[in-house]
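Asks: This structure is in structure tokens; I'll ask about it shortly.
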Protein chains: 2
Amino acid sequence: MSLIRYALLSLLAREPLSGYDIKQQMNDRFAPFWKAGSNQVYPELSKMESEELVTLISVEQHSYRPARKVYEITDIGKTTLAEWTIEPKEVEKVRDDFLIKAYNSWMIPPAEMIERLKDIKVQHEERLAIYERKMVELSGQFKLFDTSDPNFSSISVIQFGAQYERLYLAWCEDLIEKLNLSLQQQK
Amino acid sequence: MSLIRYALLSLLAREPLSGYDIKQQMNDRFAPFWKAGSNQVYPELSKMESEELVTLISVEQHSYRPARKVYEITDIGKTTLAEWTIEPKEVEKVRDDFLIKAYNSWMIPPAEMIERLKDIKVQHEERLAIYERKMVELSGQFKLFDTSDPNFSSISVIQFGAQYERLYLAWCEDLIEKLNLSLQQQK
DNA sequence: CGTATCATGTAACATGTTACATGATTTT
DNA sequence: AAAATCATGTAACATGTTACATGATACG
């Protein structure tokens with residue numbers, strides 16, 4: 001039911017991982033699509049183990065550290081994930097704070113709003129750079145047209161991310177331009 | 001602090017509204033950017049009233065119905081909203097369920113995945129149509145270059161929405177095409 | 001004659017975020 | 001000497017969703 005469950009399974013469908021690995025992948029590699037706190041990952045893994053969606057395949061003990069518990073997806077886990085994947089669902093709300101801020105731009109002096117937009121642009125440029133780096137990384141190890149290769153899916157999702165950032169940048173630039181025009185008209 | 005507060009203020013900055021009005025605007029007109037339940041709207045309005053961000057300007061009693069309580073934003077409310085609007089903040093995660101589903105597309109038979117994508121496309125086409133209708137509505141009552149007109153902001157946000165839906169559609173079409181190619185190669 | 005609308009609100013539940021706790025080791 | 005890394009996990013808090021409650025009237 002909960003979304004986090006399927007996010008975890010999506011990663012485990014590709015390779016066995018520990019809770020810690022999953023957190024890393026979400027917060028570093030998978031970012032900025034997703035994020036998960038330890039309080040969600042660890043309890044969910046235990047629950048999924050008791051429901052036989054995953055199994056514990058090894059417990060590595062490096063002397064002093066807490067035991068590293070590595071989980072593998074089961075066949076039940078795979079079919080559960082596949083069923084969820086093709087299950088129809090209403091699409092999400094967009095829900096981006098900055099869009100509400102933009103909805104208030106009429107209250108803000110144009111010069112100030114332009115500064116804000118430039119800040120936002122920098123952040124989106126950084127994200128775009130991350131996606132583009134990932135694209136280069138992945139496209140090397142990918143056989144064209146093999147849609148059953150996990151990399152096919154990774155690439156398509158990253159491509160979405162990159163396109164999204166380009167859209168955001170273009171939108172910011174357009175707004176900046178309009179605000180600039182109105183500044184010049186005032187003079 | 002909470003986001004809902006600023007969403008409410010954003011609407012009240014344009015005109016006085018009741019809690020019911022706000023819910024309507026969010027769930028109908030403002031959709032699909034945002035959504036709010038009554039349990040968030042009504043208590044938040046009371047809280048904001050006690051903090052003097054809004055004031056109750058009228059209580060309409062239509063015989064049998066619960067009293068309709070209309071709120072207006074105060075000057076404190078306006079400056080609070082304006083400050084929040086220009087306050088820098090890290091940009092949001094994208095977080096769309098379907099992107100996780102797409103991340104699992106390698107597990108799904110291409111023909112099935114194509115069907116799913118077509119379903120999603122329909123939903124995004126509907127949203128695009130909503131945005132385009134709103135654009136026509138709004139652009140009529142808008143003086144070009146007047147960035148202090150609330151409609152200027154409305155238009156820019158809706159434009160973002162429309163561009164987003166076009167991106168989503170293009171991405172779906174691209175994926176469908178790739179999946180189709182791999183189907184033909186299998187034959 | 002059942003359902004939708006107006007209009008407030010509460011309660012129960014699900015989900016997500018931030019901070020904390022442990023504790024040796026490696027890096028700065 | 002301080003901070004980051006690995007690795008598990010818990011607790012407190014904030015936010016969001018779904019369902020319920022009231023109750024007269026208008027609509028199909």
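The values are calculated or read from the model by the stated rules, or taken from the named source; none is laboratory data. Not measured: the values here are computed from a predicted model. Here Cβ is always computed from backbone atoms with ideal geometry, including for glycine, and neighbour counts include all displayed protein chains. The accessibility values were calculated without ligands, DNA or RNA, using every heavy atom of the protein model including side chains. Shrake-Rupley method; radii C 1.70, N 1.55, O 1.52, S 1.80 Å.
Asks: Per residue of the stretch A:42-53, what does 6.51 cos²θ - 1.76 cosθ + 1.60 with θ = phi - 60° give for ³J(HN,Hα)? Whole Hz please, x for Gly and Pro, Karplus curve as stated.
Replies: 5, x, 5, 4, 4, 4, 5, 5, 5, 8, 6, 7
Asks: What are the ³J(HN,Hα) couplings of the stretch A:128-135, residue after residue, when phi is run through the Karplus curve with 6.51, -1.76, 1.60 and θ = phi - 60°? Round to Hz, x for glycine and proline.
Replies: These are the phi-based 3J(HN,Hα) values: 4, 4, 4, 4, 5, 4, 4, 4 Hz.
Asks: Only protein chains counted, 1.4 angstrom probe. Which residues of the stretch A:149-174 are at least 20 Å² less accessible in the assembly than when their chain is isolated?
Replies: A:150, A:152, A:153, A:156, A:157, A:159, A:160, A:163, A:164, A:167, A:171
Asks: Say a label goes 7 Å from Cα toward Cβ at residue B:51 in every copy; what distances in nm does this one have to the rest, shortest first?
Replies: Shortest to longest, the spacings are 3.7 nm.
Asks: Counting only heavy atoms of protein chains, what accessible area per residue, in Å², does the protein assembly as shown have with a probe of 1.4 Å?
Replies: 51 Å²
Asks: How much mean residue ellipticity at 222 nm does chain A get from its helices, if each DSSP H run of length 4 or more adds -39500 (n - 2.57) and you divide by all residues, to the nearest 500 deg cm²/dmol?
Replies: For chain A, the value works out to -20500 deg cm²/dmol.
Asks: Report ³J(HN,Hα) in whole Hz for each residue of the stretch B:107-117, in order, from the Karplus equation J = 6.51 cos²θ - 1.76 cosθ + 1.60 where θ = phi - 60°; Gly and Pro get x.
Replies: Karplus values, whole Hz, x for Gly and Pro: 7, 9, x, x, 4, 5, 4, 4, 4, 4, 5.
Asks: Still on this structure, I have one more. In nm, one decimal, shortest first: how far is the label point of residue B:4 (7 Å from Cα along Cα to beta carbon) from the matching points in the other copies?
Replies: Distances to the matching label points in the other copies: 2.1 nm.
Asks: For residue B:62, project a label point 7 Å along Cα to C-beta. Then give me every residue of the stretch B:4-43 with its amide nitrogen under 17 Å of that point.
Replies: Hits in the stretch B:4-43 for residue B:62 at 17 Å: B:17-25.
Asks: Between residue A:76 and residue B:35, take the C-beta separation as r, use R0 = 30 Å, and let me know the FRET efficiency to the nearest 0.05.
Replies: Given R0 = 30 Å and the Cβ-Cβ separation, E is 0.30.
Asks: Please report the equivalent ellipsoid semi-axes of chain B, computed as sqrt(5 x eigenvalue) of the Cα gyration tensor, largest first, in whole Å.
Replies: With the √(5λ) rule applied to chain B, the semi-axes are 41, 19, 17 Å.
Asks: Right, another one. Any chance you could look up the accessible area of residue B:144 with a 1.4 Å probe, heavy atoms only, rounded to 10 Å²?
Replies: Number for this one is 130 Å².
Asks: What total accessible surface area, summed over both chains, is buried at the interface between chains B and A, computed with a 1.4 Å probe and given in Å² to the nearest 100?
Replies: Counting protein atoms only, the buried area is about 7400 Å².
Asks: Which residue of chain A is nearest the rotation axis onto chain B, counting by its Cβ, and what is the distance in whole Å?
Replies: A:167, 3
Asks: Follow-up. Give the average over all directions of the projected area of the C-alpha convex hull of the stretch A:99-187, one decimal, in nm².
Replies: Its Cα hull, projected and averaged over all orientations, spans 7.0 nm².
Asks: Structure shown: which of A:118/B:101; B:35/B:89; A:89/A:178; B:23/B:101 lie over 27 Å apart, alpha-carbon to alpha-carbon?
Replies: A:118/B:101; A:89/A:178; B:23/B:101
Asks: Counting only protein heavy atoms, what percent of the accessible surface of chain A is carbon or sulfur at a 1.4 Å probe?
Replies: 52 percent
Asks: Pick from A:73, A:100, A:155: which residue has the top mean-square fluctuation in a GNM of chain A where Cα pairs under 10 Å get a spring?
Replies: Looking only at A:73, A:100, A:155, the biggest GNM fluctuation is shown by A:100.
Asks: From the gyration tensor of the Cα coordinates in the stretch B:3-86, what semi-axes in whole Å does the equivalent ellipsoid have, largest first, with each one equal to sqrt(5λ)?
Replies: Calculated on Cα positions only, the semi-axes equal 20, 16, 10 Å.
Asks: Can you check what the net charge comes to around residue B:85, using other residues whose Cβ is under 13 Å from the Cβ of residue B:85 (Lys, Arg +1; Asp, Glu -1)?
Replies: Net charge in that neighbourhood comes out at -1.
Asks: What are the residues whose amide H is under 5 Å from the amide H of residue A:18, where those residues sit 5 or more places off or on another chain and H is modelled from the backbone?
Replies: For residue A:18, whose amide H was placed from the backbone, the distant partners under 5 Å are A:71.
Asks: On to the next question. Can you list residues whose amide H is under 5 Å from residue B:74's amide H, if they're 5+ apart or on another chain and H is modeled 1.01 Å from N?
Replies: Correct list: B:54, B:55.
Asks: I would also like to ask the following. To the nearest 10 square angstrom, how much accessible area does residue A:62 have with a 1.4 angstrom probe?
Replies: 100 Å²
Asks: Shortest first and in nm with one decimal, please list how far the residue A:79 label point sits from its counterparts in the other copies (point 7 Å along Cα→Cβ).
Replies: Shortest to longest, the spacings are 6.5 nm.
Asks: If the chain between residue A:132 and residue A:118 were fully stretched, how many nm would it gain, using 0.36 nm times the residue separation less the Cα-Cα distance?
Replies: Full extension from residue A:132 to residue A:118 adds 3.0 nm.
Asks: Moving on to the next point. Can you tell me what the convex hull of the Cα atoms of the protein assembly as shown projects to on average, as an area in nm²?
Replies: Mean projected area for the protein assembly as shown: 24.0 nm², to one decimal.
Asks: Would you mind getting me the FRET efficiency between residue B:46 and residue A:46? Use the beta-carbon distance for r and R0 = 41 Å, nearest 0.05.
Replies: Working from the Cβ atoms, E equals 0.55.
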